[in-house]
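Here's the structure, in structure tokens; my notes come after.
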């Protein structure tokens with residue numbers, strides 16, 4: 001089929017459908033591998049059931065395609081909340097950069113100031129202004145959802 005065979009909405013949904021398909025295939029493959037390993041362990045008494053439970057306890061599913069990526073200083077930051085990521089994108093560029101470097105990447109305010117060639121006081125002000133703007137926007141969104 002060609003692009004013209006799909007509506008605009010169907011065409012835009014294609015990458016997500018493909019991601020979901022790949023995710024399902026990978027999940028099923030991993031489950032089959034784990035089942036095989038468990039059967040092997042039980043048959044040959046390699047590892048106790050308690051130890052197997054501990055081994056797989058920390059395993060969790062994380063898919064980057066389900067997250068929103070923001071870049072700052074050649075580093076990628078992935079957000080689970082698309083709403084938060086979009087709100088951060090709407091911040092003025094300098095405030096966005098300072099916030100992400102300080103909060104998400106863990107730079108000290110001195111390091112942020114040095115990298116951006118601004119004073120530490122300015123960096124601190126940008127960070128708190130960005131947080132205030134985010135808080136206001138998130139509150140507005142929450143109030144709008146409550147009134148619907």
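Summary table
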quantity: Extension gain from residue 19 to residue 82, taking 0.36 nm per residue of separation minus the Cα-Cα distance; calculated: 21.0 nm
quantity: Two-site FRET efficiency, residue 89 against residue 31, from Cβ-Cβ distance with R₀ of 41 Å, rounded to 0.05; calculated: 0.70
quantity: At R0 = 35 Å, FRET efficiency that the Cβ-Cβ distance of residue 140 and residue 5 yields, to 0.05; calculated: 0.30
quantity: Exposure proxy ranking, count of Cβ atoms within 10 Å, fewest first, for 138, 82; calculated: 82, 138
quantity: Residues 95, 71, sorted so that the one with the fewest Cβ neighbours within 10 Å comes first; calculated: 71, 95
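Here, each number is a calculation from the coordinates, and none is a lab measurement. Bear in mind that the values here come from a model prediction, so they are computed numbers and not experimental data. For neighbour counting, all protein chains shown are included, and Cβ atoms are generated from backbone atoms with ideal geometry for every residue, glycine included.
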